[in-house]
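**Student:** Quick one: structure below, then a few questions.
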Amino acid sequence: MGQNVTIAGASYPDVPALDVPKTGGGTARFVDTADDTVTPATLKSGVTAHDASGAQITGTLDTTPPKESDINFWDFDGTLLYAWTLAELATKTELPPLPSHDGLICQGWNWTLQDIKDAGRELDIGALYITDDGKTRLYVDVDTETWDDFVLNYWQGTKSGTTVDWGDGTTPEAINDWSYIEHRHVYASSGPYVITMSVKEGAKMDLGNGSSGRMLIANGTKDSGRCSMLRKVEVGARVRSTTSQCFFSCCRLESISLPQTTKVETWTTFYECTQLRVFIAADMDVLQRTFYNCANLRVIATPKGTTQAKGDNYDIAYTAVRLANFDMIDAYAAQSIERVYIKAVNGQVGGFSACNALLEVTIPADATTFVASAFQGDNALRRVTCLGDIASIPAQVFQRCYPLRFVDLTHCTAVPTLANVNAFDQTHAQLEIRVPASLADAWKAATNWSSLADHIVGV
């Protein structure tokens, strides 16, 4: 049982263990020797105390922050919580403990353990939260010298379904209308405020829409209609989705917590959110410039089955993302991405040029060709593995991939058409193009391939 302790005039009731400040600096550890819960595992590594018998023990609790590995578990604020190797994954029978925050309830991870094991590859997993009061909170820093008024855009399916408390002591407001709402407010003074949106039972609400699509903007005459005041978003119950362009150019947005039931729409949703570090979702549409120029974005923890949209190759351009969970169709000018999971469209792979950090690429089994210049200028690329029967290789596909050392074409059943020898121009001097041994001679004699005969290796 604990004891009531008074130290330097401060009362500490029912204390089993306590770190006490010393007069000369530092702390001392007080432990109630009647408390049999004190064990080495409950004390930080190197800390000494006494157990229930009075014997001195030394703590073994490891508080070293984890380092990124194959399977990484992230908090919505960018904190790496746990990290597993693929070998460790094979031994796991349950997911790690869920994190907790005041004001939020963690609903779980956005992948199941079985889905992680079935994927069998590097992944980023994220924690999903709902607010403890069911309300949606927007944390803003208001500068009345540059903003005349706020325009809060949202959709509601029920008249007066959403009540907005602007956080400045004014009376909360509910608009007696439905569909797309533009809710305006003028702050009397600058400072930090929390805008709280409450959705009544039975109603639904979408963040965004309105005339601009953006959730929170100025009156359009200041700040070029871009939101430089939003810092953090906590999404509550009854928010159906965040719509296209919802957080467009929220250049100070650092974090957003999303519940399991909120769907993230596509098309520039987080366009130029330059301070956003981690993004975690449970339900997400295909990606189209969703994260364009999110300069500090390192992690995109999307749910299982997310696939990039065809026709827009700037999804993660100019970000710090080094891996994306989703299968990618293209990633032109992705400056930091090191590894991609490629999806072929009608048998074609392409659009990964100028990815200056890309190290290795695996071409899926259903791919038969590439777009022209598909990996041109990927000046870190060192290995390409093709799992399918490649029928043709257009011009400039691997041009200026200076460290490219191995290209595996051993799954080919015939010699592919090579449009131009410049497909392999300015690659490693000892480049090996690995082909089926039975086709090696025919490969070396084929049009344009003959110029690369010294690099063709039958295996």
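**Student:** Just to verify a result, which residue in the range 284-320, among those that are of a type outside the set (A, V, I, L, M, F, W, C), at negative phi and surrounded by fewer than 18 Cβ atoms within 10 Å (Cβ to Cβ), is modelled with the highest pLDDT?
**Tutor:** N296
**Student:** Now for a different question. Out of L128, L152, L123, which single residue is over 29 Å from L323 (Cα atoms) and either polar (S, T, N, Q) or surrounded by 20 or more Cβ atoms within 10 Å (Cβ to Cβ) (or both)?
**Tutor:** Matching residue, one of L128, L152, L123: L152.
**Student:** Scan the range 259-272 residue by residue and report those that are of a type in the set (A, V, I, L, M, F, W, C) and either more than 21 Å from H101 (Cβ to Cβ) or in contact (Cβ under 8 Å) with a residue 60 or more places away in the chain (or both).
**Tutor:** Of everything in the range 259-272, those that are of a type in the set (A, V, I, L, M, F, W, C) and either more than 21 Å from H101 (Cβ to Cβ) or in contact (Cβ under 8 Å) with a residue 60 or more places away in the chain (or both) turn out to be W267, F270.
**Student:** So, in the range 44-69, exactly how many residues are surrounded by 15 or more Cβ atoms within 10 Å (Cβ to Cβ) and of a type in the set (D, E)?
**Tutor:** 2
**Student:** Scan the range 364-383 for residues that are closer than 17 Å to V415 by Cα and crowded, with 16+ Cβ neighbours inside 10 Å and jot them down.
**Tutor:** Scanning the range 364-383 gives A367, T368, T369, F370.
**Student:** Take A324 and decide whether it is aliphatic (A, V, I, L, M) and over 10 Å from the mean Cα position of the chain (by Cα).
**Tutor:** So A324 fails the test.
**Student:** Of the residues that sit in the range 73-82 and are in contact with a Phe, Trp or Tyr (Cβ under 7 Å, 6 or more places away or on another chain) and without any contact (Cβ under 8 Å) to a residue 24 or more places away in the chain, which one is surrounded by the most Cβ atoms within 10 Å (Cβ to Cβ)?
**Tutor:** Looking at residues that are in contact with a Phe, Trp or Tyr (Cβ under 7 Å, 6 or more places away or on another chain) and without any contact (Cβ under 8 Å) to a residue 24 or more places away in the chain, I get L80.
**Student:** Looking at (1) touching a helix residue (DSSP H, G or I) at 6+ places or on another chain (Cβ under 9 Å); (2) modelled with pLDDT under 95, which is the one condition that is false for N153?
**Tutor:** So the condition that N153 fails would be (1).
**Student:** Can you report the number of residues in the range 282-303 which are in contact with a Ser or Thr (Cβ under 9 Å, 6 or more places away or on another chain) and assigned to a loop (DSSP other than H, G, I, E, B)?
**Tutor:** 15
**Student:** Among the numbered criteria (1) more than 18 Å from Q399 (Cα to Cα); (2) in contact (Cβ under 8 Å) with a residue 24 or more places away in the chain, which one does A440 miss?
**Tutor:** Checking A440 against (1) more than 18 Å from Q399 (Cα to Cα); (2) in contact (Cβ under 8 Å) with a residue 24 or more places away in the chain, the one that fails is (2).
**Student:** Which condition breaks for E201 when tested against (1) surrounded by 13 or more Cβ atoms within 10 Å (Cβ to Cβ); (2) assigned to a loop (DSSP other than H, G, I, E, B); (3) at pLDDT 90 or above?
**Tutor:** (1)
**Student:** Anything in the range 409-428 that is of a type outside the set (S, T, N, Q) and closer than 23 Å to A334 by Cβ? List them, or say none.
**Tutor:** Once the filter is applied, which keeps residues that are of a type outside the set (S, T, N, Q) and closer than 23 Å to A334 by Cβ, the range 409-428 yields A423, F424, D425, H428.
**Student:** Hey, another quick one. Can you name every residue in the range 313-362 that is polar (S, T, N, Q) and under 17 Å from I390 (Cβ atoms)?
**Tutor:** Scanning the range 313-362 gives N346, Q348, T362.
**Student:** Also, I was wondering about something else. Based on what the data block shows, is F279 assigned to a loop (DSSP other than H, G, I, E, B) and at pLDDT 90 or above?
**Tutor:** It is false that F279 is assigned to a loop (DSSP other than H, G, I, E, B) and at pLDDT 90 or above.
**Student:** In the range 109-120, how many are surrounded by fewer than 17 Cβ atoms within 10 Å (Cβ to Cβ) and at negative phi?
**Tutor:** 7
**Student:** L152 - would you say it is within 25 Å of the chain's Cα centre (by Cα), outside any loop (DSSP other than H, G, I, E, B) and touching a residue at least 12 places away in the same chain (Cβ under 8 Å)?
**Tutor:** Considered against the rule, which asks whether it is within 25 Å of the chain's Cα centre (by Cα), outside any loop (DSSP other than H, G, I, E, B) and touching a residue at least 12 places away in the same chain (Cβ under 8 Å), L152 comes out as no.
The values are calculated or read from the model by the stated rules, or taken from the named source; none is laboratory data. Source: prediction; values computed, not measured. Virtual Cβ from ideal backbone geometry, glycine too; neighbours counted across all protein chains shown.
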